[in-house]
Amino acid sequence: MKLKNNDQKVAKLIELETNRQKTTLQMIPSENHCSSAVREPLSSLLTDKYAEGYPGKRYYGGNQFIDEVENLCIERAKKLFGVEYVNVQPHSGSPANAAVYMATCDPGDTIMGMALSMGGHLTHGAKVSFSGKFFNAVSYGVYEKTHLMNYEEFEKLAKEHKPKLIWLGFSAYSRILDWKRLGKIADSVGAYLVADIAHVAGLVAGGVYPSPVPYVDIVTTTTHKTLRGPRGGLIMVTKKGLKKDPDLSKKIDKAVFPGLQGGPHENSIAAIAVCLKEASTPAFGKYASQVVKNAKALGEELSKLGFNLVSGGTDNHLILIDLRNKNITGLDAQNLLESIGISTNRNSIPYDTASPFKPSGIRMGTPAITTRGMKEKEMKKIAGWINEVISKPYLVKRISQEVKNLCKKFPLPK
Ligand SMILES: *Cc1c(COP(=O)(O)O)cnc(C)c1O
């Protein structure tokens with residue numbers, strides 16, 4: 001039965017959200033628009049199937065085709081990222097990271113991660129998350145002056161605290177991390193090293209951001225950010241990781257199921273398989289490269305207009321703007337941009353003295369607008385609108401019409 005005949009309320013809300021996405025610019029750096037080919041398996045009958053366990057070792061019958069779906073997804077991920085082993089069952093990025101903790105640590109162990117306030121993720125040891133509650137979390141960050149990764153502090157803290165597990169990766173850092181240098185430091189203290197590439201997985205797959213695979217033991221990622229898949233998570237073990245701990249993949253499988261989850265979402269796993277096929281094409285490489293070009297173009301134009309970019313620019317898909325010289329908070333800027341149809345999110349900047357609810361920064365990214373086909377020329381326009389509305393909020397009406405017109409010219413992917 002069609003949804004609109006069965007449940008008008010939900011059908012209406014989906015229609016409204018679809019319209020919102022079509023008529024406004026999605027510039028939250030963790031968001032993207034996946035293809036309808038990726039979305040199709042999500043609403044398929046695969047959602048009805050229970051498949052606790054792993055291919056060939058299920059606790060339910062009737063999984064002959066499901067096993068093939070999951071194996072296909074695993075093989076594609078292994079090939080795309082060049083890793084030895086992949087678990088494709090985590091429901092999302094945070095559950096994937098939880099499984100890594102469960103596989104490698106005991107409660108109370110010392111772990112290390114980039115501080116949330118410096119660009120790290122909640123699951124890397126933030127106090128409000130299970131990772132900061134159940135583990136003794138040590139945080140590293142960036143230099144106050146340059147906003148670049150503080151490798152010296154990282155090394156000092158690692159040597160002093162000898163963590164069992166170290167997280168690399170970020171949600172709001174716009175530069176390239178020196179995976180090799182960080183890998184050497186982790187090795188010198190005998191820690192498991194995990195690269196959480198949730199934000200940049202699509203750029204790594206597309207060959208425009210360095211891969212951490214040769215230098216770390218484990219790689220985790222979401223599948224729905226730059227990788228442009230459905231919501232989901234992956235845990236990968238590298239050759240290096242298996243050399244350090246030959247049981248690592250078994251430990252991870254056990255941590256995901258039965259440790260943390262029950263039945264995997266095979267409809268999502270099928271959609272991830274489709275996404276991985278797309279991500280291995282030359283067209284995706286071009287896309288990834290344009291994402292970075294667009295972020296650089298947007299950042300350069302905003303700099304010219306007097307905006308201060310944290311770290312001075314970007315090497316990836318996102319920029320973080322320090323708004324203090326513009327006399328507007330991150331919250332007010334987010335609301336103002338929302339009113340012209342540009343969706344971004346407020347964000348703390350490193351060493352922010354303002355509260356996380358009204359931080360001094362705003363974060364924006366180019367993955368979704370690049371999927372719509374926009375290029376440098378459109379980035380210039382967007383930067384101009386951002387500048388105009390922040391300096392002259394009374395222009396909201398005119399600018400929002402211009403944003404709408406641009407959206408019409410660049411429809412969402414088929
Ligand atoms: C987004 C993100 C996650 C978590 O992903 P969810 O799917 O929201 O749970 C984990 N790590 C990093 C670095 C992220 O940016």
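Observations
- Residue 310 being in contact with a helix residue (DSSP H, G or I) (Cβ under 7 Å, 6 or more places away or on another chain) and at pLDDT 95 or above: no
- Residue satisfying condition, being crowded, with 19+ Cβ neighbours inside 10 Å and more than 18 Å from residue 236 (Cβ to Cβ), within set 111, 166, 176: 111
- Verdict on residue 12 being in contact (Cβ under 8 Å) with a residue 60 or more places away in the chain, away from the ligand (no atom under 16 Å from the Cβ) and not assigned by TED's automatic domain parsing to the domain that holds residue 243: no
- Test result for residue 261, within 16 Å of the ligand (Cβ to nearest atom), in contact with a helix residue (DSSP H, G or I) (Cβ under 9 Å, 6 or more places away or on another chain) and of a type in the set (S, T, N, Q): yes
- Subset of region 286-309 (residues that are touching a His at 6+ places or on another chain (Cβ under 8 Å) and open to solvent by 10 Å² or more (accessible area, probe 1.4 Å)): 292
- One residue from 224, 199 being closer than 18 Å to residue 125 by Cβ, touching a Lys or Arg at 6+ places or on another chain (Cβ under 6 Å) and not hydrophobic (A, V, I, L, M, F, W, C): 199
For every residue, the table says whether it meets (1) in contact with a strand residue (DSSP E or B) (Cβ under 6 Å, 6 or more places away or on another chain); (2) of a type outside the set (Asp, Glu); (3) within 14 Å of the ligand (Cβ to nearest atom); (4) modelled with pLDDT of 95 or more.
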{"residue": "124", "(1), (2), (3), (4)": "yes, yes, yes, yes"}
{"residue": "127", "(1), (2), (3), (4)": "no, yes, no, yes"}
{"residue": "136", "(1), (2), (3), (4)": "yes, yes, no, yes"}
{"residue": "146", "(1), (2), (3), (4)": "no, yes, no, yes"}
{"residue": "155", "(1), (2), (3), (4)": "no, no, no, yes"}
{"residue": "180", "(1), (2), (3), (4)": "no, yes, no, yes"}
{"residue": "203", "(1), (2), (3), (4)": "no, yes, yes, yes"}
{"residue": "209", "(1), (2), (3), (4)": "no, yes, yes, yes"}
{"residue": "214", "(1), (2), (3), (4)": "no, yes, no, yes"}
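- Meets criteria (open to solvent by 30 Å² or more (accessible area, probe 1.4 Å), assigned by TED's automatic domain parsing to the domain that holds residue 147, polar (S, T, N, Q) and in contact with a helix residue (DSSP H, G or I) (Cβ under 9 Å, 6 or more places away or on another chain)) for residue 249: no
- Contact map, region 245-274: first residue under 13 Å from residue 86 (Cα atoms) and free of Cβ contacts under 8 Å to residues at least 12 places away in the same chain, second residue surrounded by 22 or more Cβ atoms within 10 Å (Cβ to Cβ) and not basic (Lys, Arg), Cβ cut-off under 9 Å, separation 6 or more or different chains; pairs are 250/103.
- Residues of region 8-43 that turn out to be surrounded by 13 or more Cβ atoms within 10 Å (Cβ to Cβ) and either basic (Lys, Arg) or part of a loop (DSSP other than H, G, I, E, B) (or both), as a count: 12
- Matching helices (runs of 4 or more DSSP H) fully within region 52-147 where at least 3 residues are in contact with a helix residue (DSSP H, G or I) (Cβ under 6 Å, 6 or more places away or on another chain): 64-81, 93-104
- The helices (runs of 4 or more DSSP H) found wholly in region 246-354 and carrying at least 2 residues that are among the hydroxyl-bearing types (Ser, Thr, Tyr) occupy 282-304.
The values are calculated or read from the model by the stated rules, or taken from the named source; none is laboratory data. All of these numbers come straight from a predicted model, not from anything done at the bench. Glycine gets a Cβ as well: all are built from the backbone with ideal geometry, and neighbour counts include every protein chain shown. The area values use the complete protein model at the heavy-atom level, side chains included, leaving out ligands, DNA and RNA. Shrake-Rupley method; radii C 1.70, N 1.55, O 1.52, S 1.80 Å.
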